[in-house]
1. List every residue pair whose Cβ atoms lie under 8 Å apart, where the two residues are 6 or more positions apart in sequence or sit on different chains, the first residue falls within segment 122-133 and is in contact (Cβ under 8 Å) with a residue 24 or more places away in the chain and outside any strand (DSSP E or B), and the second residue, located anywhere, is open to solvent by less than 40 Å² (accessible area, probe 1.4 Å) and of a type in the set (A, V, I, L, M).
2. Hey, any hits in segment 33-47 for a residue that's under 14 Å from the mean Cα position of the chain (by Cα), open to solvent by less than 60 Å² (accessible area, probe 1.4 Å) and either under 16 Å from Phe155 (Cβ atoms) or at pLDDT below 95 (or both)?
3. Restricting attention to segment 75-100, report how many residues are in contact (Cβ under 8 Å) with a residue 24 or more places away in the chain, under 28 Å from Met1 (Cβ atoms) and not β-branched (Val, Ile, Thr).
4. Can you tell me which residue in segment 5-32 is nearest to Met157 (Cα to Cα), limited to those that are at pLDDT below 95 and open to solvent by 60 Å² or more (accessible area, probe 1.4 Å)?
5. Confirm whether Arg109 is charged (D, E, K, R) and surrounded by 15 or more Cβ atoms within 10 Å (Cβ to Cβ).
6. I'm checking my understanding of the structure. Among residues of segment 1-59 that are outside any helix (DSSP H, G or I) and among the charged types (D, E, K, R), which one is nearest to Val131 (Cα to Cα)?
7. Tally up the residues in segment 136-169 that are in contact (Cβ under 8 Å) with a residue 40 or more places away in the chain and surrounded by 14 or more Cβ atoms within 10 Å (Cβ to Cβ), please.
8. For segment 146-163, indicate whether the set of residues that are at pLDDT 95 or above, closer than 21 Å to Gly72 by Cβ and out of contact with any Asp or Glu (no Cβ under 8 Å at 6 or more places or on another chain) is non-empty.
Amino acid sequence: MTKKLKKMTVSDVKILQELSITTFTDTFAAGNTAENMKAYLSEAYTIEKLTDELTNSESTFYFIYFEEQLAGYLKLNVGSAQTESILDNGLEVERIYILSQFKRHGLGRFLIETAIDMARKQGKEIIWLGVWDQNPKARAFYESLGFEYFSAHTFVMGDDPQTDLIMVKNLVK
């Protein structure tokens, strides 16, 4: 079963927008109101915002393909693109989303392991991410890969302040 990464460019923005809306909705719609989902999606995934993110030199996006089909994507941040100041020499996994029909094929693990490898090659001391405190499966997945609870921050979904747990994996142990 072949897995392949493709680094995104600005020309991929429409595909990224569609993929982002689909995967975010699949992942979080059941735990949120339709109004809050609509409000969040209409702000977070505009063509303008995604274009800004794609052109930020401290952010990198990758599509993942499974058996030649687009299956999801990964967004990594370093430096000032990181959404929190955890450690100067860290790499953030801001987004990791897989289309529902491609889940349970090891793609999430492949993306995280790829991100860890990239962080090590860049000499980063830690890799970190935020995970919704109401998503125990995701928390358990990240813990199985050596991530540990570090702190928490608020993530606003429409008018609903939610808690994201910051999970960190030390790369210099």
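1. Here the result reads Gln122/Val78; Gln122/Leu91; Lys124/Val78; Lys124/Leu91; Lys124/Leu171; Glu125/Leu171; Asp133/Leu165, each pair linking segment 122-133 to a residue that is open to solvent by less than 40 Å² (accessible area, probe 1.4 Å) and of a type in the set (A, V, I, L, M).
2. Looking through segment 33-47, at least one residue is under 14 Å from the mean Cα position of the chain (by Cα), open to solvent by less than 60 Å² (accessible area, probe 1.4 Å) and either under 16 Å from Phe155 (Cβ atoms) or at pLDDT below 95 (or both).
3. 7
4. Top of the filtered list is Ala30.
5. Taking the combined requirement at face value, the residue does not satisfy it.
6. Selected residue: Glu58.
7. 7
8. Checked segment 146-163: at least one residue is at pLDDT 95 or above, closer than 21 Å to Gly72 by Cβ and out of contact with any Asp or Glu (no Cβ under 8 Å at 6 or more places or on another chain).
The values are calculated or read from the model by the stated rules, or taken from the named source; none is laboratory data. Remember, predicted model here, so these are calculated numbers, not experimental data. Reconstructed Cβ throughout: ideal geometry from the backbone, glycine too, with neighbour counts over all protein chains shown. For the accessible areas, the whole protein counts, side chains as well, though only heavy atoms, and no ligand, DNA or RNA atoms are used. Shrake-Rupley method; radii C 1.70, N 1.55, O 1.52, S 1.80 Å.
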